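All remarks here apply to the structure that follows.
The values are calculated or read from the model by the stated rules, or taken from the named source; none is laboratory data. Bear in mind that the values here come from a model prediction, so they are computed numbers and not experimental data. Neighbour counts run over all protein chains shown; Cβ positions are idealised from the backbone, glycine included. Accessible surface is based on the protein model in full, side chains and every heavy atom, while ligands, DNA and RNA are left aside. Shrake-Rupley method; radii C 1.70, N 1.55, O 1.52, S 1.80 Å.
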Amino acid sequence: MNLEEYHRLRSFPFAGKRLFTKPGARGFPDPRYELLARVAEPRGPTLDANPGVGLLAASARAKGAEVTALEPSRAALRALSKNAEVWGFSARAALPWEAPEATFETALLVLPAERGSDFVRHSLVAAARALKPGGRLWIAGDKKKGFERYFKEAKRLIGYGVIVERQGSLRAAVLEKENTPEPLPLWHRFDAELRGRRFSFYTLPGVFSATHVDPASALLLRTLPTLDPGTRVLDLGSGYGALSLSLAAEGARVVGLEDDLAAVLSARRSAEATGLEVDFRHSDVDEALAPEEKFAIVVMNPPFHLGGRVVLDVGQAFVEAAYRHLEDGGRLFLVANPFLKYEPLLEALFGRYSTLAVNRYKVLAATRQ
Ligand code: SAH
């Protein structure tokens, strides 16, 4: 799949209309969404707190609900916004805890287990707080991914609940809001030493490697040469900013592109705390870059999971975007798990590559000729 194909929306027939999706976006196909779309009975103002591309939001709209969908992923949001137009619901870039309080009669939540239990807990609390008293929260999840535990916790936080559907290991349940749970503290802070400097990083729930610097990223930083001051650097998938901020501290001019809004907000706060200027943009791969923006260095620790599955679409789009936005003689530095086969793609695009380090991870480098 090339970069144009990566960015292209595609559509499938769904409930008499079309449902749009794209590579890199969560939520379709996904049996948890289909299960909840089938069994939920949304009424009145409805919050979808984990819409992905919007299958459940579309189905809730088709059942007559007035739907607001909050989605932090840019990739998902691109398809979700299109579906919002087609189906007639509202969608915006936001984290679940940004939902207005005591506003909705119904909340829908496919448990975002792949983002970790901290993010699930925050999503449950946010959905509960967004409901009016007596409002209903519909959830779906997988027994193999902690559904029972989350359901128990949801009942403790929110009120009475019952399982309404079982399908293999999938479960759907509904709860009625009796209690308003207290909001949970959002920010986590940790300190780290990178390339001889101390940093304080701030992270929101669900952010990649939110409590410590990822060991693959640390290896990449140890392998990178010293950069000349003013070097233009692109950090693709910049997360909370570990790579961007270390290089900015050495005088590089850095742009960080990141799909997850929680990570973008974390990176901006971390930059502010260290007094560094980095241009962090909410972006599906290179979506937020103009074609003429070029860099001397691109760094990346590409993602290879999406909604719990291993996928290489996004990583490949990262490498192709890097190639396009490197100036002549510019260099890409990539760190990955050794089992991920980036080498053929590097050879195809750059002609050659070198392996700078291999241990639990490998660091590959390639120069645009
Ligand atoms: N550079 C950071 C994060 C690396 S993990 C660090 O070293 O800590 C990969 C990052 O890519 C994650 O933050 C993930 O949210 C982001 N990502 C995933 N899909 C993306 C996409 N389509 N566009 C941009 N970023 C994406």
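Lysines near LYS362 by alpha-carbon distance under 21 Å, same-chain residues fewer than 8 away left out - which ones?
LYS341
Using a 1.4 angstrom probe on the protein heavy atoms only, line up GLU287, GLU4 by accessible area, largest first. Walk me through the numbers before you get to the answer.
Values: GLU287 70, GLU4 95 Å².
Listed by decreasing accessible area, they come as GLU4, GLU287.
Straight-line reach from LYS144: which aspartates and glutamates fall under 12 Å, measuring Cα to Cα and dropping same-chain residues less than 8 apart?
Excluding near neighbours in sequence, the set is GLU114.
Can you give me the three principal axis dimensions of the chain from its C-alpha atoms, in Å, biggest first?
60, 43, 34
Once the dipole of the range 190-367 is set up with Lys and Arg at +1 and Asp and Glu at -1 on Cβ about the Cα centre, which of ALA252, ALA192, PHE304 lies farthest towards its positive end?
Towards the positive end, the residue furthest out is ALA192.
Return one number: the angle in degrees, 0 to 90 and rounded to the nearest 10, between the long axis of the Cα atoms of helix 313-324 and the longest principal axis of the Cα atoms of the chain.
That helix lies at roughly 40 degrees to the long axis.
How far apart, in nm, are the 7 Å Cα→Cβ label points at ALA357 and GLU101?
4.6 nm
Is the range 190-367 rounded, prolate or oblate when judged by the Cα gyration tensor, a ≥ b ≥ c being the square roots of its eigenvalues, rounded requiring a/c under 1.5 and prolate requiring a/b larger than b/c?
On the way: a/c = 1.35, a/b = 1.23, b/c = 1.10.
Taking the square roots of the gyration eigenvalues as a ≥ b ≥ c, the range 190-367 is rounded.
Quick one: with all protein chains in place, what share of the accessible area of the range 190-367 is carbon or sulfur, to the nearest percent (1.4 Å probe)?
Values: 3530 of 7100 Å².
Carbon plus sulfur share of accessible area: 50 percent.
Taking only Cα atoms and a 10 Å spring cutoff, compute GNM fluctuations for the chain and point out the largest among GLY52, GLY16, GLY161.
Maximum fluctuation in the GNM of the chain, among the listed residues, is at GLY16.
Anything over 24 Å Cα to Cα? Flag those among LYS63/LYS132; LYS63/LYS143; LYS132/LYS155; LYS132/LYS152; LYS82/LYS155, in the order listed.
On the way: LYS63/LYS132 20 Å; LYS63/LYS143 27 Å; LYS132/LYS155 16 Å; LYS132/LYS152 21 Å; LYS82/LYS155 35 Å.
Flagged as over cut-off: LYS63/LYS143; LYS82/LYS155.
Where in the range 320-343 is the amide nitrogen less than 12 Å from a point lying 7 Å along the Cα-to-Cβ axis of LYS294?
Counting only backbone N, you get 324-331.
Go ahead and set up a Gaussian network model of the chain, Cα springs under 10 Å, then flag whichever of LEU356, LEU346, LEU137 fluctuates most.
Residue with maximal mean-square fluctuation among LEU356, LEU346, LEU137: LEU356.
Compute a Gaussian network model of the chain, connecting alpha carbons closer than 10 Å, and tell me which residue from LYS144, LYS22, LYS155 fluctuates the most.
LYS144
What length, rounded to one decimal in nm, is gained on full extension from ASP228 through to ALA15, with 0.36 nm per residue of separation minus their alpha-carbon distance?
Details: separation 213, 0.36 × 213 = 76.68 nm, distance 5.64 nm.
That pair, ASP228 and ALA15, stretches by 71.0 nm at full extension.
Give me the dipole magnitude in Debye, nearest 20, for the range 32-153 about the Cα centre, with unit charges on the beta carbon: positive for Lys and Arg, negative for Asp and Glu.
Details: 19 positive and 14 negative charges, 48 e Å.
It works out to roughly 220 debye.
Ignoring everything except DSSP H segments at least 4 long, calculate the 222 nm mean residue ellipticity for the chain; use -39,500 (n - 2.57) per segment, divide by total residues, nearest 500. Spell out each step's value before the answer.
On the way: 11 runs with 113 residues, N = 369.
So the calculated ellipticity at 222 nm is -9000 deg cm²/dmol.
Name the residue from VAL285, THR103, LEU332 whose Cα lies farthest towards the positive end of the charge dipole of the chain, charges +1 on Cβ of Lys and Arg and -1 on Cβ of Asp and Glu.
Of VAL285, THR103, LEU332, it is THR103.
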